[in-house]
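The values are calculated or read from the model by the stated rules, or taken from the named source; none is laboratory data. Source: prediction; values computed, not measured. Virtual Cβ from ideal backbone geometry, glycine too; neighbours counted across all protein chains shown.
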Amino acid sequence: MNSRRRFLTLSALGSLTGIGSHQTFGQSKHVKGPIIISTWKTGLRANDRAYEVLQNGGSVLDCVEKGVNVIENDPNNRTVGIGGFPDVEGNVTLDACIMDQRQRCGSVAFLQHIKNPVSVARKVMENTKHVMLVGEGALKFALEQGFKKEMLLTEETLAAWKKRKVEVGKKLPEINIENHDTIGMIARDADGNLSGSCTTSGAGMKLHGRVGDSPIIGAGLYVDNDIGGAAATGWGEAVIENAGSAMVVELMRHGRSPQEACEEIVKRIANKFEDWRSIQVGFIALNKAGQIGAFSIRKGFTYAHHHGGANSEKPADSLLKEG
C-alpha cells in the first residue's frame with residue numbers, strides 16, 4: 001500500500017534519519033562496566049543469570065548463552081524453548097543463533113526435541129566449519145554433541161493449542177503485540193567485548209517448516225565488536241526482508257546512536273511492509289561505548305537493562321503511540 005494517506009501518516013511522524021546529532025564513538029560518553037540488554041520482561045531473569053556468569057569469570061559469550069538458557073528452560077514461557085507454542089500441526093520447532101566478539105556465529109533452525117537451541121547453535125559455531133544447521137540435520141548434530149532428546153510440548157501448551165486450533169480453523173493468527181516470540185540479548189563485558197544471542201519457538205500456529213528471523217544472522221541478531229550489536233523481536237518476515245539487526249549496526253557504524261539506529265530501521269520497515277500497522281517489530285541495540293537503544297512499531301514493547309548492579313524493565317518508545 002503506497003497511498004498518499006500512508007505517505008502523509010509516516011511523514012508526520014518525522015524523518016528519523018535526521019533525529020539528533022549523529023555522534024561518533026569518539027564524541028560519545030563512554031559508559032563503564034558490564035552492560036546487558038534483552039527483550040521483554042522475561043529478560044530480567046535472563047539478565048540476572050548472564051551477569052552472574054560474568055561475575056563468576058565467564059566470558060561474554062558464556063553470558064549471552066547461559067542467560068537465555070534460563071528462559072529456554074522455563075516450561076511456563078510459551079514463546080521460547082520447552083513449553084513453546086507449537087506450529088499449526090502441533091509440533092514445537094525452535095530457532096536460535098549466537099554471535100561472539102570475533103565475528104564467529106552459529107545458528108540452528110526448525111530444531112525439534114532439544115530445549116536449548118542456542119547452546120546447539122554455539123556448538124555449530126565452535127565445532128563445525130558451518131554457520132547454520134536445520135531440521136533433522138540439526139537434531140542429529142545436537143544428539144552427537146551430547147544433547148538429550150526431550151518432549152517439548154507440555155500438557156498446558158497442548159491444551160492451549162487444541163483450543164486455538166478450534167478457534168482459528170485454517171486461519172493463521174497474525175503476530176502482534178500479544179504474540180511476541182523471541183528473547184534476544186546483547187552484552188558487553190568489562191573489557192568492552194560484545195556478544196549476542198537470540199532464541200525462540202517462533203510464531204504460534206505458524207506453518208510447519210516456517211523459520212523466522214531469530215536464527216538468521218543479520219536479521220534477528222548481529223554483532224560487530226568494533227561497533228555494537230542489535231537484536232530483533234516480533235514479526236520475523238518483516239525483519240528478514242529488511243536485514244533488520246545488521247542494518248541497525250550498520251547505522252551505528254555510520255555515527256547513529258543506538259536509539260537513532262533502532263528508530264530509523266523501524267521506520268524503514270513501516271515504509272516498506274504493506275501491513276505494518278497490524279504487526280509488532282522491535283529492536284534493542286548496544287554500542288561499543290555502552291549506549292543503548294530500543295524502539296518498536298507498536299507501544300508495549302519493553303526491554304531489560306542491567307548495568308551497575310541494577311536490573312530493570314524499561315518501556316521502549318514506538319512509532320504508533322496507541323495500541
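Things to note:
- The residues of the range 81-106 that are part of a strand (DSSP E or B) and more than 10 Å from Thr199 (Cα to Cα), listed by number, are Met99, Cys105, Gly106.
- Boolean, Gly300 is part of a strand (DSSP E or B), out of contact with any Asp or Glu (no Cβ under 6 Å at 6 or more places or on another chain) and small (Gly, Ala, Ser): no
- Boolean, Glu264 is under 26 Å from Gly33 (Cα atoms), part of a helix (DSSP H, G or I) and either of a type in the set (S, T, N, Q) or at pLDDT 95 or above (or both): no
- Of the criteria (1) modelled with pLDDT of 95 or more; (2) hydroxyl-bearing (Ser, Thr, Tyr); (3) farther than 24 Å from Arg122 by Cβ, which one Thr17 fails: (1)
- The single residue among Ala159, Ala121 that is loosely packed, with under 14 Cβ neighbours inside 10 Å and either outside any loop (DSSP other than H, G, I, E, B) or at pLDDT below 95 (or both) turns out to be Ala159.
Okay, residues lined up against (1) touching a Gly at 6+ places or on another chain (Cβ under 8 Å); (2) modelled with pLDDT of 50 or more; (3) surrounded by 10 or more Cβ atoms within 10 Å (Cβ to Cβ); (4) in a strand (DSSP E or B):
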| residue | (1), (2), (3), (4) |
| --- | --- |
| Arg5 | no, no, no, no |
| Thr9 | no, no, yes, no |
| Val31 | yes, yes, yes, no |
| Leu44 | no, yes, yes, no |
| Leu54 | no, yes, yes, no |
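- Check on Gly184, within 14 Å of the chain's Cα centre (by Cα) and at pLDDT below 95: no
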